[in-house]
Amino acid sequence: MSVAVAHRRQGRPAVTLVAVLLGFLTLPMLMSGTTVALPRIGADLHATGPALQWMLVG
């Protein structure tokens, strides 16, 4: 493998790190929004506790 090919394969580690961190940060934001909204969702849909857990996990 030539040096030029090896250099192209290394990419940009900072950009990769930022993309991965943004991906990991979106899940907690989505989960916290759902958790905050669960009481209202349960009241509107007359859902039971297990149904609300299923909405959160599933």
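The values are calculated or read from the model by the stated rules, or taken from the named source; none is laboratory data. Small disclaimer: the values here were computed from a predicted structure and weren't measured. Cβ: placed from backbone, ideal geometry, glycine included. Neighbour counts: every protein chain shown.
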Does A37 fit the bill of being outside any helix (DSSP H, G or I), surrounded by 12 or more Cβ atoms within 10 Å (Cβ to Cβ) and among the aliphatic types (A, V, I, L, M)? no
Of all residues making up the stretch 43-58, the number that are in contact with a Gly (Cβ under 6 Å, 6 or more places away or on another chain) and surrounded by fewer than 13 Cβ atoms within 10 Å (Cβ to Cβ): 0
Does the stretch 9-16 contain any residue that is surrounded by 10 or more Cβ atoms within 10 Å (Cβ to Cβ) and at pLDDT 85 or above? yes
